[in-house]
Amino acid sequence: MYCRSLLAAFLCVVIGSSSTWAQAKEKPGAEKPKADRSNRNSAKEPLAATLSMAKAKAFLDEVNLQWTRQRKCGTCHTNYPYLMSRPLFKDDSPAAREVRAFFEGRAANWDNPKTKPRWDTEVVATAVSLAINDSRTTGKLHALTRKALDRMWTLQRDDGAWKWLKCNWPPMEHDDYFGATYAALGVGLAPDDYAHSPAAKAGIDKLRGYLKKNAAPDLHHRAMLLWASMKLDGLLEARDRDAIIKSLLAIQREDGGWNLPALGDYKRHQKDKDAKPIANDKNAPSDGYGTGFVVYVLRQAEVPADHPQIRKGVAWLRSNQRESGRWFTRSPSTDSYHFISHAGTAFAVMALVACE
């Protein structure tokens, strides 16, 4: 099966299914996926002459529709961030509707033995992404989103976190802490005051306990905690928020951008001559994910859009889009795939919209 054979290669949160439903039958007149461009994430792709949000939208629609149809899975580096970013374009999107329908279908059929969740991570990531999508589309909590969120609590461990997939694909698919901050973000953003519902109260209390007891392992996850703390009370004190903001601003590069390696001590999959993992260069060039993610989180933390460092970050984003519409990010794990560019493009769009 696809998930099993290629998980070690590039998948993070695989939701593969052999069910008839999961084959995603196309309806007459449905938007057709174009040729696969997902493997063309390359640092050699020329820069765009000018910023084009239309190209960014087209790239996100194409790569995410194709990923969902061909892979039959959900990933933290591709179609989950797509559900977060796509509503910001504020237009009707057949691609977005189809990707959303895929995840709704998963949530609706988890009780079927043939389509049950393969991992706890699937439930958490799907619930969170649907909740954020709800908050940015209808503003109402969809019944299937509520079902997914409620199911998420049944899988929560006693310590307040979840058993997250550890595929050695940082920054998202390699530790439990990311899953905990992602869950906190989702319940904080879920519409209809879900965070104060009886179904969520005990789980949120346990989640707060986990995040207070366990320190974030790196700056990326501290930034995730900062973002979540702006949506869910009781996660950080004001002084702790200020400290994270200061740390993020301190690693801005001279060109105005940020890079992903500076956010964590990530090791590449290849080994050196002594068979030891190779560390990423924290002085690597600025990239789409690092810049988009940091600028967006800082804006969520109420750093003004006219802050000099935010303006420099926006200038970097405006001048570093590629001709395809994406923003390139080198994978911190392997040069065989750079799928983190998909998430980087989503965050670049989110950052630019947040700074309008």
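The values are calculated or read from the model by the stated rules, or taken from the named source; none is laboratory data. Treat the numbers as computed from the prediction; the structure is a model and nothing was measured. Every residue, glycine as well, gets a Cβ built from its backbone with ideal geometry; the counts of neighbours run over all protein chains shown.
Filter region 299-330 down to residues that are polar (S, T, N, Q) and in a loop (DSSP other than H, G, I, E, B) and give me whichever is nearest to the chain's Cα centre (by Cα).
THR329
For residues that are crowded, with 21+ Cβ neighbours inside 10 Å and within 17 Å of SER129 (Cβ to Cβ), tally how many sit in region 154-166.
So the answer is 3.
Please go through region 138-153 and give me each residue that is buried (at least 17 other Cβ atoms within 10 Å of the Cβ) and not aromatic (Phe, Trp, Tyr), ordered by number.
Within region 138-153, LEU141, HIS142, LEU144, THR145, ARG146, LYS147, ALA148, LEU149, ARG151, MET152 qualify.
Out of curiosity, is THR138 β-branched (Val, Ile, Thr) and touching a Lys or Arg at 6+ places or on another chain (Cβ under 8 Å)?
For THR138, the condition - β-branched (Val, Ile, Thr) and touching a Lys or Arg at 6+ places or on another chain (Cβ under 8 Å) - is not met.
Need the failing condition index for SER18 against (1) under 26 Å from ALA354 (Cβ atoms); (2) surrounded by fewer than 15 Cβ atoms within 10 Å (Cβ to Cβ); (3) modelled with pLDDT under 95, just the number.
All conditions pass for SER18, except number (1).
Any residue at all in region 304-321 that's closer than 15 Å to VAL63 by Cβ, of a type outside the set (Phe, Trp, Tyr) and touching a Lys or Arg at 6+ places or on another chain (Cβ under 9 Å)?
yes
Hey, any hits in region 122-136 for a residue that's hydrophobic (A, V, I, L, M, F, W, C), closer than 18 Å to ARG71 by Cα and either surrounded by 16 or more Cβ atoms within 10 Å (Cβ to Cβ) or modelled with pLDDT under 95 (or both)?
There is at least one residue in region 122-136 that is hydrophobic (A, V, I, L, M, F, W, C), closer than 18 Å to ARG71 by Cα and either surrounded by 16 or more Cβ atoms within 10 Å (Cβ to Cβ) or modelled with pLDDT under 95 (or both).
Test MET224 against the stated conditions and say whether it is surrounded by 23 or more Cβ atoms within 10 Å (Cβ to Cβ), modelled with pLDDT of 95 or more and in contact with a Cys (Cβ under 8 Å, 6 or more places away or on another chain).
When the stated conditions are applied, MET224 does not pass them.
Does LEU207 satisfy the condition of being among the aliphatic types (A, V, I, L, M), under 19 Å from the mean Cα position of the chain (by Cα), crowded, with 18+ Cβ neighbours inside 10 Å and within 21 Å of THR126 (Cα to Cα)?
No: the conditions fail for LEU207.
Quick one: what pairs do we get from region 211-227, first residue under 13 Å from TYR182 (Cβ atoms), second in a loop (DSSP other than H, G, I, E, B) and not hydrophobic (A, V, I, L, M, F, W, C), C-beta under 7 Å, 6+ apart or different chains?
Once the first residue is under 13 Å from TYR182 (Cβ atoms) and sits in region 211-227, its partners that are in a loop (DSSP other than H, G, I, E, B) and not hydrophobic (A, V, I, L, M, F, W, C) give HIS220/PRO171; HIS220/GLY264.
Is it true that some residue in region 232-244 is of a type in the set (A, V, I, L, M), over 16 Å from LEU298 (Cα atoms) and without any contact (Cβ under 8 Å) to a residue 40 or more places away in the chain?
No, region 232-244 contains no residue that is of a type in the set (A, V, I, L, M), over 16 Å from LEU298 (Cα atoms) and without any contact (Cβ under 8 Å) to a residue 40 or more places away in the chain.
Matching residues to (1) small (Gly, Ala, Ser); (2) within 18 Å of TRP119 (Cα to Cα):
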{"site": "HIS142", "(1), (2)": "no, no"}
{"site": "ARG157", "(1), (2)": "no, yes"}
{"site": "GLY160", "(1), (2)": "yes, yes"}
{"site": "CYS167", "(1), (2)": "no, yes"}
{"site": "SER197", "(1), (2)": "yes, no"}
{"site": "LYS201", "(1), (2)": "no, no"}
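Consider region 192-202. How many of its residues are buried (at least 18 other Cβ atoms within 10 Å of the Cβ) and within 15 Å of LYS147 (Cβ to Cβ)?
Final tally of qualifying residues: 2.
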